[in-house]
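Here is the structure we will look at, set down as structure tokens.
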Amino acid sequence: MGSSDLSGNRTVQCCIAGGGPAGMMLGLLLARAGIKVLVLEKHRDFLRDFRGDTIHPSTLEVLHELGILEEFLKLPHQKVSELRAQFGDRLIPVADFRGVRARCPFIAMIPQWDFLNFLARHAARYPGFGLMMQAEVTGLLFQENKIKGVEAESQDGPLQIQADLVIGADGRHSTVREQAGLEVLDLGAPIDGDYWQCAFVIAKGALDGLKQRGLEAFRATISGLLPFAADRMKEIASWDDAKLLSVQVNRLRNWCRDGLLCVGDAAHAMSPVGGVGINLAIQDAVAAANLLWGPLRASSLSLGSLQAVQKRREFPTRVTQRFQVLVQNRILTRVLSDAGGPLQAPFAVRMLERYPILRQIPARLVGVGVRPEHVRSPSIAA
Ligand SMILES: Cc1cc2nc3c(=O)[nH]c(=O)nc-3n(C[C@H](O)[C@H](O)[C@H](O)COP(=O)(O)OP(=O)(O)OC[C@H]3O[C@@H](n4cnc5c(N)ncnc54)[C@H](O)[C@@H]3O)c2cc1C
């Protein structure tokens with residue numbers, strides 16, 4: 001997996017900052033295509049704050065193309081064939097995956113750490129793959145205007161990794177994109193997620209008011225919404241048991257510069273609406289591997305190769321974010337600012353209730369997305 005000197009500094013073809021869905025999938029695909037790749041993950045394991053545990057039909061398709069779907073589906077998971085939304089006391093079906101043309105017409109609910117451990121296990125089969133946990137990327141190495149690698153803090157001290165390509169897959173608070181000076185376009189998200197095990201969505205900035213009303217009132221609100229969980233409310237012993245997760249929707253104007261490409265949330269932070277962020281991160285990884293394994297292997301990587309990845313993935317990202325912002329503005333903002341009275345389902349949702357065939361539209365958008373990617377990078381090293 002590349003060469004290293006006595007201080008642990010290394011040279012690889014590709015260094016990936018961040019071992020989330022985007023970084024782990026891209027690491028696996030590039031190593032599979034014979035590229036020497038090192039993933040640096042700042043945490044010691046894949047356990048993390050709530051980030052969604054949804055593996056969509058298009059990701060399941062990618063796992064099939066890699067020949068590891070059957071094994072993946074042996075991991076404990078739940079199959080979700082339909083999404084429903086509750087308005088007042090009415091539960092309305094809004095997406096039906098059974099009509100989606102896919103090998104697996106369902107969402108597999110599986111803890112994200114199980115998914116990431118699964119990817120790590122499979123990536124480790126390839127000799128070119130390396131994963132360093134507890135290694136936080138803190139800076140970039142430049143040669144004139146070109147990015148030539150990263151600086152990181154590891155358990156054994158500071159580290160420098162030289163690479164032909166640096167990938168920023170370090171999520172929506174990306175250090176890499178900040179260090180590279182890439183401009184972020186903020187699309188706005190009027191919600192924050194205050195999580196227990198699922199998210200409790202509040203209006204942006206509403207946490208102080210929630211806290212002022214007191215923990216007992218918070219517990220009462222939750223048990224009112226979910227009576228089956230009423231006997232669990234003592235689990236929320238203090239506000240420390242309810243962590244605020246600010247939701248963002250943004251994207252970079254330029255996803256790359258010479259020697260560097262951002263993918264996944266680092267290139268475009270997704271809102272939890274529709275639960276599509278993991279899916280998009282995986283799709284970015286597949287597209288990046290398809291377009292970059294060849295130039296990396298031939299040592300002919302150029303800015304144009306990196307721009308081709310943005311060109312391929314920007315359209316699906318824009319469409320999906322537009323859909324998320326629409327749902328936030330048209331539905332969530334109205335729900336969160338509702339002064340009281342029974343909550344009415346919006347017109348579009350009533351149509352979904354009335355005409356079941358329409359539920360295939362959100363199912364397709366959420367389950368497969370726009371411009372689904374297929375694995376075209378080869379399996380060279382095993
Ligand atoms: C409240 C909430 C709920 C969500 N629910 C869902 C859902 O149900 N379904 C869904 O598909 N999506 C959901 N999402 C979105 C989804 O979690 C993200 O879009 C997805 O995880 C992005 O993957 P990623 O690999 O790009 O980034 P991340 O998953 O954020 O991974 C980035 C990784 O980089 C590491 N890292 C960060 N900085 C550094 C550094 N400097 N050096 C080294 N490593 C670093 C992090 O530890 C992390 O492991 C939700 C998001 C939020 C906020």
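As a fraction of the 1.4 Å probe accessible area of the chain, surface on carbon and sulfur atoms comes out at 52 percent. Between MET133 and GLU65, the distance separating the two model label sites (each 7 Å from Cα on the Cα→Cβ line) works out to 3.0 nm. Ordered from largest to smallest accessible area (heavy atoms of protein chains, 1.4 Å probe), the residues LEU291, LEU225 come out as LEU225, LEU291.
Taking a sphere under 11 Å around the Cβ of ARG121 and counting the other residues whose Cβ falls inside, with K and R at +1 and D and E at -1, yields a net charge of -1.
Full extension of the chain between LYS211 and ARG371 yields a length gain of 53.3 nm, computed as 0.36 nm times the residue separation minus the alpha carbon distance. Based on the Cβ-Cβ distance of LEU303 and LEU326, what FRET efficiency does E = 1/(1 + (r/R0)^6) give at R0 = 35 Å, to the nearest 0.05? After rounding, the FRET efficiency stands at 0.55. With 0.36 nm allotted per residue and the present C-alpha distance subtracted, the LYS74-GLU178 stretch has 33.5 nm of extension available. Among the trypsin sites (Lys or Arg not before Pro) within the stretch 112-157, not one is in coil by DSSP while having at most 10 neighbouring Cβ atoms inside 10 Å. Measuring against 26 Å, Cα to Cα, the residue pairs LYS42/LYS79; LYS79/LYS211; LYS36/LYS148; LYS42/LYS146 contain LYS42/LYS79; LYS79/LYS211 as the ones spanning a longer distance. The largest accessible area among HIS374, HIS43 belongs to the first residue in HIS43, HIS374, and the rest follow in falling order (1.4 Å probe, all chains). Report the FRET efficiency, 1/(1 + (r/R0)^6), for LYS234 and MET109, where r is their Cβ-Cβ distance and R0 is 30 Å, rounded to 0.05. In this case the efficiency is close to 0.70. Normalised by the number of residues in the stretch 5-97, the mean separation of alpha-carbon contacts (under 8 Å, six or more apart) gives a relative contact order of 17 percent. Of the trypsin sites (Lys or Arg not before Pro) found in the stretch 248-308, the ones in coil according to DSSP and having at most 16 other Cβ atoms within 10 Å of their Cβ are ARG253. Accessible surface for the stretch 227-322, divided over its residues, is 41 Å² per residue with a 1.4 Å probe. Loop-located GluC sites (Glu not before Pro) in the stretch 91-168 (DSSP state not H, G, I, E or B) with no more than 16 neighbouring Cβ atoms inside 10 Å: GLU144.
The values are calculated or read from the model by the stated rules, or taken from the named source; none is laboratory data. Please read these numbers as outputs of a predicted model, since none were measured by experiment. No Cβ is skipped: glycine too gets one built from the backbone with ideal geometry, and neighbour counts run over all protein chains shown. Heads up: the accessible areas ignore ligands, DNA and RNA and are worked out on the full protein's heavy atoms, side chains in. Shrake-Rupley method; radii C 1.70, N 1.55, O 1.52, S 1.80 Å.
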